[in-house]
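Let me begin by handing over the structure; questions about it come next.
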Amino acid sequence: MKKYILIIGLLVLLITAGVMLQGKARQYLGNLDASRNYQTYCASCHGEQLKSFVDRKWTYGKSWNTVFTGIKEGYPDGGMPAYGETLTDKEIAALVNYILTGIEKTTIKSFQSPTPPQGIIQTQDHKVRIDTVVGGIDVPWGITFLPDGDMLVTDRKGDFYRFREGEPLHRIGNVPVVRAAGQGGLMDVEVHPQYAQNGFIYLSYSKPKGVENTTAVIRARLENDLLVDVKEIFEAQPYVSTRHHYGSRLAFDTAGYVYLSVGDRGRREDHPQYLTNSCGKIHRIHDDGSIPEDNPFVDQPDAVQSIFSYGHRNPQGLAMNPESGEIWDNEHGPRGGDEINRIEKGKNYGWPVISYGINYNGSKFTDLTEKEGMEQPVDYWVPSIGVCGMTFVSGDQFPNWKGDILSGSLRFNYIHRTIMEGNKVVGEEKLLPNIGRLRTVVMSPDGYVYIGKENPGYVLRLVPVP
């Protein structure tokens, strides 16, 4: 009898252990699936790790049910797509557990180095040193320089700074009120090419009106760290309730025209292909906001007269090619289809009729990658790198990069070097891997590369090492 009891006891133990192992295996496989789904559907906007969920302000709350509903049904005005048709409830539940468990005992300091990025890095064609210029800025979105060497930096949350070597940050007053929510806030900054004569500074920002917002641009002068003679020179129409895809990059050409980008504001069906609104477009205006007589659509009834090109999604980089004087952009695709474009007068760049991307939830919105009458990108990325900021390398500090395009990556945390011969892409290189989420990349007047990274926010400088 004791023998049978012992055998039965052993069988019970084995069965119990098997059930526990199966449970552990299911939990492990469930975690693998959740991790895989996170990388597939979430990482392009929220980053490869869970960093963007840590120490954040949860607009809609962070309870389990709220996060589940947010993933399943989305928040269209906030730019969050719905995944209810792509993922099962069980997969969404596993994803919620993956996110909330992953950040349960984590703070933003877990992702931050105690010291800013620094050191010497060997790239394909140059050895470069990373210098920390200044910290203490949340999201350095725009950077430019005054003739005396001072640097101007925008912080997306609404602050504007002047920085001089050896001094603390100077906060500039009388900055316009911004809607610092979603992707909005204080965006780009540029100075007039004849700044020494006229003192003009240009700022782009998300302008609120009630619950709606738009992209706007002001011109002002700087006196004693205060903006004066402030004049609004551009206001995109219409105002909408969404809080993403503002565009907001600024650039001057050699003739002194101001170019500015406006994203589709998350309304791809309504805006980019129609000339009766400002969204999904590159605009060209005079430095006082007036309309150039030779803009391509000035004589077309009901067209917005400042439009220079259309069919854009969310241009997050805008730069003049110093060799040709042409304006180029880079812009976000959805999942895949980030682009570099050479902007030509009156041209249609295709969004959303043609694209190399798909919806964030994995579904298709078009089967076309090309169509007659629509421009092909000079280059594109699949998967998306979360492209942000753009500059052409000029000057003599980096001779082996001269003429190439540098773009920041929000998703993969590096600088993308697009190697150019004229207008043709001949190669690429990933610079400064794991440097952080990059918002802007600019050339200084003395030929160095400056980058703005976020969380924590620093302005960094790349210096060639002989």
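Could you please give the count of residues in the stretch 158-168 that are assigned to a loop (DSSP other than H, G, I, E, B) and either surrounded by 17 or more Cβ atoms within 10 Å (Cβ to Cβ) or β-branched (Val, Ile, Thr) (or both)? Lay out the reasoning, then the answer.
To start, the set of residues in the stretch 158-168 that are assigned to a loop (DSSP other than H, G, I, E, B) comprises 158-159, 164-168.
Filter once more, keeping what is either surrounded by 17 or more Cβ atoms within 10 Å (Cβ to Cβ) or β-branched (Val, Ile, Thr) (or both): 158-159.
Final tally of qualifying residues: 2.
What pairs can you find where one residue is in the stretch 359-372 and at pLDDT 95 or above, the other is open to solvent by 70 Å² or more (accessible area, probe 1.4 Å), and their Cβ atoms are less than 7 Å apart, with a gap of 6+ or different chains?
Correct list of pairs: Glu370/Gln376.
Out of the stretch 418-444, which residues are open to solvent by 30 Å² or more (accessible area, probe 1.4 Å), among the basic types (Lys, Arg) and touching a residue at least 60 places away in the same chain (Cβ under 8 Å)?
Selection gives Arg437 alone.
Among all residue pairs at least 6 apart or on different chains, which show Cβ distances below 8 Å where the first residue, located in the stretch 97-121, is at pLDDT below 75 and surrounded by fewer than 16 Cβ atoms within 10 Å (Cβ to Cβ) and the second is part of a helix (DSSP H, G or I) and among the basic types (Lys, Arg)?
From the stretch 97-121, the pairs are Ile108/Lys51.
Scan the stretch 428-448 for residues that are in contact with a Ser or Thr (Cβ under 8 Å, 6 or more places away or on another chain), farther than 26 Å from Val191 by Cα and of a type outside the set (A, V, I, L, M, F, W, C) and jot them down.
Selection gives Glu428, Glu429.
Results for (1) crowded, with 16+ Cβ neighbours inside 10 Å; (2) of a type in the set (A, V, I, L, M, F, W, C), shown as yes or no for each residue.
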| site | (1), (2) |
| --- | --- |
| Ala216 | yes, yes |
| Val228 | no, yes |
| Pro238 | no, no |
| Ala251 | yes, yes |
| Arg268 | yes, no |
| Ile282 | yes, yes |
| Ser290 | no, no |
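Counting residues that are on the phi > 0 side of the Ramachandran plot, which strands (runs of 3 or more DSSP E) fully inside the stretch 222-292 reach at least 1?
On the way: elements: 226-235, 250-252, 258-262, 281-285.
Output list reads 226-235.
Out of everything in the stretch 393-409 that is open to solvent by 10 Å² or more (accessible area, probe 1.4 Å) and touching a residue at least 24 places away in the same chain (Cβ under 8 Å), what residue ends up being farthest from Arg129 (Cα to Cα)?
First, pick out the residues of the stretch 393-409 that are open to solvent by 10 Å² or more (accessible area, probe 1.4 Å): 394-397, 399-400, 402-403.
Checking which are touching a residue at least 24 places away in the same chain (Cβ under 8 Å) leaves us with 394-397, 400, 403.
Values: Ser394: 18, Gly395: 17, Asp396: 16, Gln397: 12, Asn400: 16, Gly403: 20 Å.
So, considering only residues that are open to solvent by 10 Å² or more (accessible area, probe 1.4 Å) and touching a residue at least 24 places away in the same chain (Cβ under 8 Å), the one farthest from Arg129 (Cα to Cα) is Gly403.
Taking the conditions exactly as written (modelled with pLDDT under 95 and surrounded by 20 or more Cβ atoms within 10 Å (Cβ to Cβ)), does Gly182 satisfy them or not? If you could, list the steps in order and put the result at the bottom.
Details: modelled with pLDDT under 95: yes; surrounded by 20 or more Cβ atoms within 10 Å (Cβ to Cβ): yes.
So Gly182 fits the description; yes.
From (1) surrounded by fewer than 18 Cβ atoms within 10 Å (Cβ to Cβ); (2) of a type in the set (D, E, K, R); (3) under 19 Å from Pro193 (Cα atoms), pick out the condition that doesn't hold for Asp294.
(3)
State the number of residues belonging to the stretch 134-157 that are open to solvent by less than 20 Å² (accessible area, probe 1.4 Å) and either of a type in the set (A, V, I, L, M) or in contact (Cβ under 8 Å) with a residue 40 or more places away in the chain (or both). Explain how you work it out, then say what you get.
Kept after step one, since they are open to solvent by less than 20 Å² (accessible area, probe 1.4 Å), are these residues of the stretch 134-157: 134, 137, 139-144, 146, 150-155.
Right, trim to either of a type in the set (A, V, I, L, M) or in contact (Cβ under 8 Å) with a residue 40 or more places away in the chain (or both) and you get 134, 137, 139-144, 146, 151-155.
Looking only at that region, the number is 14.
The values are calculated or read from the model by the stated rules, or taken from the named source; none is laboratory data. From a predicted model like this one, the values you see are computed outputs, not experimental measurements. Note that each Cβ is placed from the backbone with ideal geometry, even for glycine, and that neighbours are counted across all protein chains shown. To get the accessible areas, we keep the full protein, side chains included, count just its heavy atoms, and leave off ligands, DNA and RNA. Shrake-Rupley method; radii C 1.70, N 1.55, O 1.52, S 1.80 Å.
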